[in-house]
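Asks: Encoded as C-alpha cells, here's the structure I'll be asking about.
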Amino acid sequence: MSGPQTRTILHVDMDAFYVSVELRRRPDLRGQPVVVGGTGSRGVIAAASYEARRFGLHSAMPSTQARRMCPHAVFLPGDHDLYAQVSAQVHEIFQSVTPIIEPLSLDEAFLDVTGSLRLFGSGTDIAAHLREQIWQQLDLRCSVGVAPSKFIAKLASVAAKPKATPAGVVEGRGVWEVRPGEELAFLHPLPVKALWGVGPATLERLTRLGVRTVRDLAELDEPTLVAALGKAHGEHLFRLAWAIDDRAVEVDRAMKSIGHEETFSTDRHTHAELLRELVRMADGVAGRLRAQEVAARTFSLKVRFTDFNTISRAITLPSPIATAHGIVSAVRPLLEAVDPSRGVRLLGVSARNFGAAAQQMSLDDLFDSVPAGDQEWQAAEETMDAIRSRFGSSAIGPGSAVGADGLRLVRRGAQQWGPDQEKS
C-alpha cells in the first residue's frame, strides 16, 4: 500500500504589483523610483518599485519619511478598483492550470498543482508557464516558489524575487524550487525572522537565546521554546523550524470580517464630523456585505486619537443586518460614548459574525427576511446598489457625504495608503 502522495504547491507573488500595474499606463516612469501611496502628510506607501527600494523605501513607510529618503521619487495615488480588476485577470490564468487556488491578497496566492502534473509537466514547468502567460497577457512579472508545502513555497517565492541593492536591481530567478527532502537544506540557513510569527518582540527574545538563523532555532529543544515564547507560539515555531506544515490549499477560505478604516488628513474633533464619516463608511461596508450576499450581527468601531492611542468597541445584534442605516444605528451609540475633543486621526467600522445572506428580495418576502425596522432601508439600499451597478459607484450616496468636491464615498483599499492631500 503506497503512502500519501507528495504535494506540489506553488506560491505565486506578483512583483511590485500596484506599481507594476500603474507603470502599464505610465511607461515613461519605468526605471524610476516610483511609489504608490498616500501623498498627504499622513499617507503611507502601499508599494514601491525595486528602483525605489534601492533607497530604503518600502510598504507601510510614512510618505513624509519616504520623501526625505528619496526626494526624486514619483508618488502615484492608489487605484484599488483597477488592482482588483487586474488581480481577477491574474486568477483567470491561475485557473487555466488548477482549480485549487487559495488567494491571500490581490497579488499573491497558493496553487495546489499536484493533480495537474500529468497534463502540464512538473511544478517548475507549470510555474514557468504561468510566468510566461502573465507576462504575455498582462505585461506583469511574478515570482513563483515551488515546494511540497505552503510554508516552504512562500519562502521559495521570496528567494525567486528580484533584489534591490545600492548598486542596482538584481534580477531574480523567477522560479525557485525546493524539492521533497531538500526543505531543511533550504530553510535552516535563513535568518530566523523569515519564519511566520517572528515579529520584533519575538525576534528580540530569540536573539537573547542566541538564535539568529532557523538552524539555531531548530537546535533548541521544544520545551525551551515553549518556556520562552508560550505554548502555542513555541510549538508553532518549532514545527516551522523543522519544515513541518501539512496545511492544505484552501479553495474556500472563510471570510472573517468586512470593514473599512481611514486616516484623516486633519484631526476630527466633534461628534458631528465623525458621524458624517461613520455614515460614509457604513455605506461602504453595507454595500460590500450585500455584494457578498451576507449579513452580519457584530459591528466594531475603531478610533485612533491624535496621540496614536487606539480604542475599539463592539456591539452584537439579535439578528444579522446588511444596511448602512442599520450599521449606523448600531454603532452610533458607541461613537457618542467617545470623547473626540483631543482629536481623532483614524476611524474604522467593521462587520463580522455573519448570518443569513442578504439576498435580492421581492417585496413579498422582504419583511420575513430582514430584522424589523430595517426592511424599508434594505429595499432602498438594494435600489442604490442597482443604480451604482448601472451608472457607477459615485452615482448615488448618503447626503451627508456630499461636500464642496462632490460625493465622497469610501475607496476600498484606501486604508492601505492614507489620505492623498490635505482636506478637512
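The values are calculated or read from the model by the stated rules, or taken from the named source; none is laboratory data. Predicted, not measured: the structure shown is a model, and the values here were computed from it. Cβ placement follows ideal geometry from the backbone for every residue including glycine, while neighbour counts extend to all protein chains displayed.
Asks: Out of the residues in the range 281-296 meeting the condition of being buried (at least 19 other Cβ atoms within 10 Å of the Cβ) and of a type outside the set (A, V, I, L, M, F, W, C), tell me which one is nearest to the chain's Cα centre (by Cα).
Replies: So, considering only residues that are buried (at least 19 other Cβ atoms within 10 Å of the Cβ) and of a type outside the set (A, V, I, L, M, F, W, C), the one nearest to the chain's Cα centre (by Cα) is GLY284.
Asks: Taking the condition of being closer than 25 Å to PRO180 by Cβ and under 30 Å from the mean Cα position of the chain (by Cα), how many residues in the range 199-251 meet it?
Replies: Residues flagged as closer than 25 Å to PRO180 by Cβ and under 30 Å from the mean Cα position of the chain (by Cα) within the range 199-251 amount to 20.
Asks: Okay, moving on. Sort out which residues of the range 171-191 are of a type outside the set (Asp, Glu) and under 24 Å from ALA16 (Cα atoms), and write them in order of number.
Replies: Those that are of a type outside the set (Asp, Glu) and under 24 Å from ALA16 (Cα atoms): GLY172, ARG173, GLY174, VAL175, TRP176, VAL178, LEU190, PRO191.
Asks: So, in the range 92-119, of the ones that are without any contact (Cβ under 8 Å) to a residue 60 or more places away in the chain and buried (at least 16 other Cβ atoms within 10 Å of the Cβ), which residue ends up farthest from VAL12 (Cα to Cα)?
Replies: Checking each candidate, the answer is SER116.
Asks: Looking at VAL12, VAL36, can you tell me which residue is under 27 Å from ALA167 (Cβ atoms), in contact (Cβ under 8 Å) with a residue 40 or more places away in the chain and surrounded by 17 or more Cβ atoms within 10 Å (Cβ to Cβ)?
Replies: None of the other options fit; the residue is VAL36.
Asks: With among the small types (Gly, Ala, Ser), touching a Pro at 6+ places or on another chain (Cβ under 8 Å) and in contact (Cβ under 8 Å) with a residue 40 or more places away in the chain as the only criterion, which of ALA73, ALA128 stands out?
Replies: None of the others qualify; the one that does is ALA73.
Asks: Hey, can you tell me all the residues within the range 210-230 that are assigned to a loop (DSSP other than H, G, I, E, B) and touching a strand residue (DSSP E or B) at 6+ places or on another chain (Cβ under 8 Å)?
Replies: Passing the criteria: only ARG212.
Asks: OK, next. Within the range 168-187, is there a residue that is touching a Lys or Arg at 6+ places or on another chain (Cβ under 7 Å), of a type outside the set (A, V, I, L, M, F, W, C), under 15 Å from ASP13 (Cα atoms) and modelled with pLDDT of 95 or more?
Replies: Yes, that holds for at least one residue.
Asks: What is the residue count in the range 326-358 for residues that are closer than 20 Å to GLU277 by Cα and either aliphatic (A, V, I, L, M) or in contact with an Asp or Glu (Cβ under 7 Å, 6 or more places away or on another chain) (or both)?
Replies: 17
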